[in-house]
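S.K.: The structure that follows is given in the form of structure tokens.
The numbers here are math on the coordinates, done by the rules we state, and not lab data. Just so you know, these numbers come straight off a predicted model, no measurement behind them. Methodologically, a virtual Cβ is constructed for each residue, glycine included, from the backbone with ideal geometry; neighbour enumeration extends over all protein chains shown.
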Amino acid sequence: MAEMQQPGAEHAGSGHTGGAHIHLPAPTAWPIVLAFGFTLVAAGLVTSAGVSLLGAVFMIAGCIGWFRQVLPVEQHEEVEVVEQPVVIASSRQLVDRIILSTRHRAHLPLETYPVISGIKGGIAGGIAMIVPAEIYGLIAQHSLWYPINLLGGAGVAHWSNPSTADIAAFHWQGLLVATLIHSVTCLLVGLLYGAMLPMLPRHPVILGGVLAPVLWTGILHAFMGVINPALDARIQWGWFLISQVVYGVVAGVVVARQGKIPTGQSMPFAARLGIEAPGLGWTRPDAGPPDDEENR
């Protein structure tokens, strides 16, 4: 085996004393005195001027003492170079590979839904929740446009204080704004369902289709009175909750019926980064290093 030497031996030939010693800066305590003086000066700003004055004395003394050790000629000390050969030996004839088991730690979720499943669930849920919303409009205000205008009226500038008759009438601006808001929101929530449902341990459709709509309906009900009191007074929160639950159940069922794909969580971190690490790729118990007899 090749012998290794300490780095100091490389500079032995460049020393001023025939290679047996090397030059190092002489040790000094003046930097500590200077730092202590600066600390006292800063402490005196919040205590008393006497502390700052004492710190200034230490700072001046530290500067003078330090400068005298480096000016006009820097002080050095000679350190003897001791060569110590280092021998690295190993009794192993082969390089062991790291054998990983799939149960070495838990990675949840192991499988997830593709992005297209969230988009399909969002579209299906968005179409399904229109039915209870329109039923509410027919029963409460005898108008199909009332729930649409409630959703889209906030985006129309001149709808600051609309009457019930205005909301129940047809307005193409409200229809366009409501369609845009409804489509974007349903797609985003559908994507959220696709990522969230694999994390739910049991009954993902029930938890995602009932619990989640109840939670965000409660949050909206709590903040709508502050954000838009006029709109909060016109929303029937019971029907609103029914439409949200319908959306959640339909979107959850559509997403849950899509095929799952395995995630990369069970792969080693180096493999997920794309690093070529063959030793981390052996996950089978029988895929370890070859025996000595086979090598021979």
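S.K.: Taking the radius of gyration and the Kirkwood hydrodynamic radius from Cα positions alone, what is the Rg/Rh ratio for the range 160-228, to two decimal places? Kindly include the intermediate steps, with their values, before the conclusion.
M.R.: Values: Rg = 16.3 Å, Rh = 14.8 Å.
Using only Cα positions, Rg/Rh for the range 160-228 is 1.10.
S.K.: Quick one: which of 128-139, 66-77 comes out on top by average Cβ neighbours within 10 Å, and what's the full order, highest first? Before the final figure, lay out each step's value.
M.R.: Values: 128-139: 17.0, 66-77: 10.9.
Ranked from most to least packed, the peptides come out as 128-139, 66-77.
S.K.: Peptides 226-233, 242-249, 182-189, 83-90: what's the order by average Cβ count within 10 Å, highest mean first? Numbers along the way, then the final one.
M.R.: Details: 226-233: 11.5, 242-249: 22.2, 182-189: 16.4, 83-90: 8.4.
Descending mean neighbour count gives 242-249, 182-189, 226-233, 83-90.
S.K.: Shifting gears a bit: Under a no-solvent Debye model with one identical scatterer per Cα of the range 111-262, what's log10 I(q)/I(0) at q = 0.13 Å⁻¹?
M.R.: Calculated log10 I(q)/I(0) at the listed q: -0.61.
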